[in-house]
Amino acid sequence: MKEKYNFELMWSKNTEKRISSVVSNIINNYKKNNSITHIHKYPIPSKEQIINILDDLFEILYPGYFTDKDLNNANIQYYLGDKISNVYERLSKEIANSFRHEHIIKNNKCELCDDSIQKGAESTLYLLDNIPKIRDLLSLDVQAAYDGDPAAKSINEIVFSYPGFFAITIHRIAHVLYEKNIPLIPRIMSEYSHSKTGIDIHPGAKIGKYFFIDHGTGVVIGETCIIGNNVKIYQGVTLGALSFPKDEKGKLLKGLQRHPIIEDNVTIYSGATILGKTVIGKNSVIGGNVWIVSSIPPNSKATLAHSEKNIIIAENKKKK
Amino acid sequence: MKEKYNFELMWSKNTEKRISSVVSNIINNYKKNNSITHIHKYPIPSKEQIINILDDLFEILYPGYFTDKDLNNANIQYYLGDKISNVYERLSKEIANSFRHEHIIKNNKCELCDDSIQKGAESTLYLLDNIPKIRDLLSLDVQAAYDGDPAAKSINEIVFSYPGFFAITIHRIAHVLYEKNIPLIPRIMSEYSHSKTGIDIHPGAKIGKYFFIDHGTGVVIGETCIIGNNVKIYQGVTLGALSFPKDEKGKLLKGLQRHPIIEDNVTIYSGATILGKTVIGKNSVIGGNVWIVSSIPPNSKATLAHSEKNIIIAENKKKK
Amino acid sequence: MKEKYNFELMWSKNTEKRISSVVSNIINNYKKNNSITHIHKYPIPSKEQIINILDDLFEILYPGYFTDKDLNNANIQYYLGDKISNVYERLSKEIANSFRHEHIIKNNKCELCDDSIQKGAESTLYLLDNIPKIRDLLSLDVQAAYDGDPAAKSINEIVFSYPGFFAITIHRIAHVLYEKNIPLIPRIMSEYSHSKTGIDIHPGAKIGKYFFIDHGTGVVIGETCIIGNNVKIYQGVTLGALSFPKDEKGKLLKGLQRHPIIEDNVTIYSGATILGKTVIGKNSVIGGNVWIVSSIPPNSKATLAHSEKNIIIAENKKKK
């Protein structure tokens, strides 16, 4: 490339001086805006490492799907033992870092006099202990996808490629960590899933058995949602908050119940918006694009009135 | 890191015992929930490999755009010959694995007495033979994007960065494989595209020439859609199913025509939902956010009635 | 794998001949459809390299968040100096390639008699000089997210994982390059962000201080939008064009003002669509799902009329 790209032209006489001034201006800015600066000897969790760990958890949850090793009944326990020990060491450390970081922010002294390492190890073992239960749930979720989508050709297709199944897999992991009050990591996991799928499930949401999200892009499920068993949700559905209570200083109150409760056997079609502390009663169907801010009784069907009558069909004068 | 992160604290006395119990509990669960377990000596396709192959197909379809090699008229045939042979070997194997896997599921014996390898090779050659045709279509699609978007500065910009063009590229590949009845792989491809773009086109959809999706996030195009020539679609448009016929056992019937037919020269604006076996007649314009479940005659313009009158404008009492 | 996958079966007698014919057919097609072919000794920018540079810019903007190095007050200037020099060299080259490419397209001769290299170096230094200003803006944006979302647990959580914050970070970089009229690269950056977040902000949009997009999937902000200070936007909001003026040959006019102006202190709830050269007056609130194509005075609240009355609630006859 040298013959095409003349580096001498790029490193002109005063470039060095300008680069050096760039560096010192940025360092000054690091001190000024320190909320977005982390220059500190104790590390925070690594987003990259957390995503790698999730990849390993997929290999553990769905053995044989996401590895190029041939697994059989003889080698499976060595393969799994190795994966599990590895996840144990790495996730313990990330969780310890996240507790340590929170500890340092709250108590600006005494960096080592805390129990972050034990809490990291204990929380990771708690997650690993829960993997059989998580797999029990996921084997129902995969069945819900197969039973609910006429385009689903096989269970394998769902495990490999369905975004709704990817999202619920990560949610079931992240929710276990959220319930152990681990800072940062559950949300990093859920936003990784959001990025991959367009499905935004806050790790705090409680979701029952046999859950299926079809297509999924644009789905939002808020932090304090409670979803029953056998619920099916389509793309673009929002289960969100309606109002944000503030404290006496005008700051938002965090953590209050502010999202819907969806009871068992409810289907919510694409683009529906359900906001606030509403209850959607069991066995109900919520039609596409509806806007709901108060509760719906059980066994209801809520649909847009005159949705077709609201459309005017005229001649297209710009036709080609 | 050792001075900061004390591994002894993490590997406490009974950790080994707990890890070992985690491993055996998970292995027991593998046997219990075997629908999401693939412990078997014959491999299934590799999602990672299929994505790598798609990357290579982009380099083949758009030479010079996605490689750091300098291509010229002398080296192009060696470059291409190498890429093509490489894709041939790898994709043949993935397709063979996907046929083999289906064969084993259906016939639980006689793992080698099938023609998976020949079918893998033949299907791959069929795709490669179709690349000039696919490029003919894509060179019209890129023109449709340039002609249809005032923000498009150049053809290069579209090839490099437009999500709608990325999605139609992958769709035109995946659809060729779908029509050869290859299991798993077409859907893995289309869901990779969905993940990258927010545009969910089922590989079964038939799409005509000069097709453009602008912005694209949230678009859903169902398995049995048929789209004519010169169709333009905006973000958030759903071309979906309205009802899901079931068999006598209450199981969904798979594969039936259940999605819209969009005729030539139709434009569909953002957020429109068109469901069921409807026909949108040629030269029609479908306005934003409309909800359509029955057919629209040719040369129509379907828009929301009173969309602005439906809005109440009041004073904002919470103004700052 | 050889015992399972018989390569002899794959390389049958006439395979070589068929591969060779595939290669020459594709090469013929390269000449035919040359709009999507770049076989030329002068390179175009590398999308992969631009994404790598963005990763480095994240490490520069948020020191300590996205690196596994321990940063402290002693090593920070070496770390930063190295990163900055590195970005300088690589981005200068990409920008030079993008100017060179445009120069060659416009003047089909005289490939070296241009000032692409100097322009690449100068534009990169301009961006680097602006990093403290960009950080000033981003430290307000992160505060807007914390103040505006009851689910936000900490500033760290936002930096690590919020898609709206990722999108505004990339936008603030891409917009600086857009204003220097650099071809291709700003849009490659913004579409990378779109792909990761589902938030589509054209690099041309002008966005004020203290900006927050919550959830974000499906947001579209067009090229000529102007957004004031303290604006908050939810998922699925479109700030788009209404009509596309054409020249006398029927070709789209590029670059005209065609998108909304959003004044200070405006909140726009999920799914709202605002189109054309409208002005949303300061301190206004735009309700979910509204469709707006004309201006709204300051201090207004625009909401769907009868949104709940438009819903029919009936008994769900298919209840389980």
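Go through the range B:274-291 and give me each residue that's within 7 Å of chain A (Cβ to nearest Cβ) and at pLDDT below 95.
If we filter the range B:274-291 for residues that are within 7 Å of chain A (Cβ to nearest Cβ), which is where we start, we get B:283-285, B:290-291.
Matches in the range B:274-291: B:Val290, B:Trp291.
With within 17 Å of C:Pro150 (Cα to Cα) and either more than 8 Å from chain C (Cβ to nearest Cβ) or hydroxyl-bearing (Ser, Thr, Tyr) (or both) as the only criterion, which of A:Ile213, A:Ile221, A:Ile233 stands out?
A:Ile221
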For B:Gly64, all conditions in the list (1) in contact (Cβ under 8 Å) with a residue 24 or more places away in the chain; (2) at positive phi hold save one; what is the number of the exception? (1)
I'd like to know if the range C:40-63 contains one or more residues that are more than 9 Å from chain B (Cβ to nearest Cβ) and over 29 Å from C:Val142 (Cα atoms). no
Contact list please: Cβ distance under 7 Å, first residue in the range C:22-45 and charged (D, E, K, R), second residue not in a helix (DSSP H, G or I), pairs at least six apart or on different chains. C:Lys41/B:Asp70; C:Lys41/B:Asn72
Quickly run through the range C:40-57 and pick out the residues that are surrounded by fewer than 18 Cβ atoms within 10 Å (Cβ to Cβ) and either part of a loop (DSSP other than H, G, I, E, B) or among the hydrophobic types (A, V, I, L, M, F, W, C) (or both). C:His40, C:Lys41, C:Tyr42, C:Ile51
Restricting the range B:137-157 to residues that are within 18 Å of C:Leu253 (Cβ to Cβ) and touching a strand residue (DSSP E or B) at 6+ places or on another chain (Cβ under 8 Å), the one nearest to the other protein chains (Cβ to nearest Cβ) turns out to be B:Pro150
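Of the residues A:Leu125, A:Leu137, which is aliphatic (A, V, I, L, M), closer than 22 Å to A:Val231 by Cα and in contact (Cβ under 8 Å) with a residue 12 or more places away in the chain? Outline the logic, then answer.
Values: A:Leu125 fails: closer than 22 Å to A:Val231 by Cα.
Selected residue: A:Leu137, the only one of A:Leu125, A:Leu137 that is aliphatic (A, V, I, L, M), closer than 22 Å to A:Val231 by Cα and in contact (Cβ under 8 Å) with a residue 12 or more places away in the chain.
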Please go through the range B:213-239 and give me each residue that is in contact with an Asp or Glu (Cβ under 8 Å, 6 or more places away or on another chain), at negative phi and either crowded, with 23+ Cβ neighbours inside 10 Å or assigned to a loop (DSSP other than H, G, I, E, B) (or both), ordered by number. B:Asp214, B:Thr217, B:Val219, B:Val220, B:Ile221, B:Gly228, B:Asn229, B:Val231, B:Ile233, B:Tyr234, B:Gln235
Filtered residues of the range B:178-191 (kept if crowded, with 24+ Cβ neighbours inside 10 Å, assigned to a helix (DSSP H, G or I) and either more than 12 Å from the chain's Cα centre (by Cα) or small (Gly, Ala, Ser) (or both)): B:Ser190
Residue by residue through the range B:23-45, note down the ones that are among the small types (Gly, Ala, Ser) and at pLDDT below 95. B:Ser35
Name the residue, out of A:Ser24, A:Ser98, A:Ser92, A:Ser123, that is surrounded by fewer than 21 Cβ atoms within 10 Å (Cβ to Cβ), among the small types (Gly, Ala, Ser) and part of a helix (DSSP H, G or I). A:Ser24
On the basis of being at pLDDT 95 or above and buried (at least 20 other Cβ atoms within 10 Å of the Cβ), does C:Ile170 make the cut? yes
Please count how many residues of the range A:285-303 are within 12 Å of A:Ile261 (Cβ to Cβ) and buried (at least 20 other Cβ atoms within 10 Å of the Cβ). 1
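Against the definition (acidic (Asp, Glu) and more than 30 Å from C:Phe244 (Cβ to Cβ)), how does B:Asp55 come out, yes or no? Please lay out each step first, then the result.
Details: acidic (Asp, Glu): yes; more than 30 Å from C:Phe244 (Cβ to Cβ): yes.
It is true that B:Asp55 is acidic (Asp, Glu) and more than 30 Å from C:Phe244 (Cβ to Cβ).
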With respect to B:Ala151, is the statement that it is in a loop (DSSP other than H, G, I, E, B) and assigned by TED's automatic domain parsing to the domain that holds B:Ser85 true? yes
Going by the structure shown, is B:Tyr79 touching a residue at least 40 places away in the same chain (Cβ under 8 Å) and within 14 Å of chain C (Cβ to nearest Cβ)? no
Identify all residues within the range A:91-116 that are within 22 Å of the chain's Cα centre (by Cα) and either farther than 20 Å from A:Pro63 by Cα or modelled with pLDDT under 90 (or both); write none if there are none. A:Ser92, A:Lys93, A:Glu94, A:Ile95, A:Ala96, A:Asn97, A:Ser98, A:Phe99, A:His101, A:Glu102
Residue ID - nearest to A:Ile26 (Cα to Cα), chosen from residues in the range C:117-150 that are of a type in the set (Lys, Arg) and touching a helix residue (DSSP H, G or I) at 6+ places or on another chain (Cβ under 7 Å): C:Arg135
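The values are calculated or read from the model by the stated rules, or taken from the named source; none is laboratory data. Since we're looking at a predicted model, the values are computed, not measured. Reconstructed Cβ throughout: ideal geometry from the backbone, glycine too, with neighbour counts over all protein chains shown.
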